[in-house]
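The values are calculated or read from the model by the stated rules, or taken from the named source; none is laboratory data. Not measured: the values here are computed from a predicted model. Side chains are part of the model used for accessible areas, which takes the heavy atoms of the whole protein and leaves out ligands, DNA and RNA. Shrake-Rupley method; radii C 1.70, N 1.55, O 1.52, S 1.80 Å.
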Amino acid sequence: METGWTGWPMTGSRTAGAGRGRGARLRRTAMFALSFLVLLVAGVGWGYLKLGGSIDTFSADGISGDRPPGSPEGQNVLVIGSDSRSGENGRLGGGTGAVGRSDTAFLLHVYGDQEHAVAVSIPRDALVDIPACKGPDGKWTAPQHDVMFNSAFSVGETAEGNPACTQNTVEHLTGLRVDHTVVIDFAGFSALTSAVGGVPVCLPQEIYQRDLSPKRPTRGARIFTKGPQTVSGQRALDYVRLRHGIGDGSDIGRIKRQQAFVAALIKKVKSQGLNPTTLLPLANAATDAMTVDPGLGSADRLLSFALSMKRIDLHNTKFVTVPWRYEGARVAIVEPDADALWASLKANRTVDGKDASGKGSGKSSENGDEKGGHADAPVSGKGITVAVYNGTTVRGLAAQAADLLRSRDFTVTNTATASRQDYASTVIEYGPGLREQAETTARLFAGARTTESGAAGIQVVVGSSYAQNPSATAGAPTRSTVPSTVADEARSADDDPCADLSYG
């Protein structure tokens, strides 16, 4: 059966609590997860002052030890929508099944200035590489190549799913360290939408029962009218699961509607105002429903995390989808556009090209910062042609370095993966007669060394020091590195809920 929906998500395989079943805990976690992250982006922190007692946490033993480096600026939160049909979820989802599945995932990047955020959707059918993951028997699986993204959550075939494997996969795909992961299921999603008093949505046409369940022999009763309306509970769940009978029936179209729904949900919470009457129902829903990663395993940590994001407003909350194209019945992630997107997040560049690291003025400019390992004198690459290669396993570095070089007027002819990925520092290789140009190039990369090679031209091979040293990106491009195909389709949380809801 086709399913899918959305929520706001924290990670790992879960420890069992005395006297409670895993399914029940997952349902409570789900309700908390969406409540918590909506409250975060909506600017609510004080409601968690009432929290106390024991808070359930995920075990971190399923998280890979081979992870991207963290960043002092910004945070990444993985949000997973689970369509588990256990317990109450079976009634809401209308299906059966013993294995937890994931049909929706967002990577929420909160920028270093704590005033901007972007949620990047990853299609469930996207073909990706899944690294080694830990199963319920304690054994690690072999890596998988070119498989559907949502299959990571099902590794081990448990009712709870495998959020740690999904986190490992996202880190491998993006080169970004995931700071927290949260899972939400049908029951939690339904409860939250009721707690806020419904969410405004919009349908381009009337929707009938067969549109939701395509195997139904007759059209059935009308379940949605055309145009704006408010939904909660089961109707909200039906809206975000809807795929067939609208637009081109694709999962991409459903992702757009899910993004619009979450945007409207955040907007609804903000519009109600920060007062006990409107916010305590959400806080109460979260209080008894927490299962978080160990880094957020206390009320104090949760409150601190919530307060750190209270300044993000609606217009600065964006929703985009990773660059994609159809590959048969599946979805291929388009490179180098996807790498450019991940690189922009690492550099804390917003969708519209602003510096949101919290260090600069926040304005787009063609003048880079020459601090942090770059030479004091401005570096000009006019007349210098280079090729850029990623000499590490951290994705997106070649695209990031290429944008840095282009911002200084270098001509970049190619970006690719190097022949090996164990470079500790950046190396500038140059052919005969190009030593001076190579040394000019090296001034943009802290700790870089130059070496003459037999090949013609200049090759920049970026090493792990470039990924790990924040100062190495101080001169990152001041224009947006986000591809225009992504930036042009971005949705803000303050957009009209009837705008651009269906691909195709």
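Using a probe of 1.4 Å on the protein chains alone, the accessible area found for W140 is around 120 Å². The fraction of Cα-Cα pairs per 10 angstrom bin, counted from 0 for the stretch 130-257, comes to 11, 30, 29, 23, 7, 0 percent, rounded to whole percents. Legend: residue pairs K267/K310; K270/K354; K226/K318, Cα-Cα distance threshold 22 Å; pairs beyond threshold, K270/K354; K226/K318. Across all Cα atoms of the stretch 110-174, the radius of gyration (one decimal) and Dmax (whole number) stand at 13.6, 43 Å.
Sequence-ordered 3J(HN,Hα) estimates for the stretch 191-203 from the Karplus curve with 6.51, -1.76 and 1.60 and θ = phi - 60° stand at 5, 5, 5, 6, 5, 8, x, x, 10, x, 9, 8, 10 Hz, glycine and proline given as x.
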